[in-house]
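Here is the structure we will look at.
Derivation of every value follows stated rules applied to the coordinates shown; laboratory data play no part. Note that the coordinates shown come from a computational prediction; the quantities given were computed from them, not determined experimentally. Cβ coordinates were reconstructed from backbone atoms using ideal geometry, including for glycine residues, and neighbour counts include every protein chain displayed.
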Amino acid sequence: MKRLFINHVDLSKVDTLIYHLPDGPTFSVEMNGFDGSIDFDMEFGDICDTSDIDGVLHFFPRGNA
């Protein structure tokens with residue numbers, strides 16, 4: 001199934017990526033030096049972008065959102 005609407009994420013303001021794993025644990029990644037190497041268009045899930053406020057991007061994979 002092809003997604004018709006793709007959410008492009010501007011990673012230039014993101015300092016920390018928090019990946020919310022199933023059953024509650026989180027995985028945190030400092031974005032220093034990644035330079036846009038993460039492609040969210042290939043992932044299935046929801047994104048909560050609070051990078052304008054605190055520099056954090058939350059990713060909730062499908063089934064955990």
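If the segment from H58 to N32 were pulled out straight at 0.36 nm per residue, it would be longer than the present Cα-Cα gap by 7.7 nm. Between I47 and K13, the modelled labels are 1.2 nm apart [label points 7 Å from Cα along Cα→Cβ].
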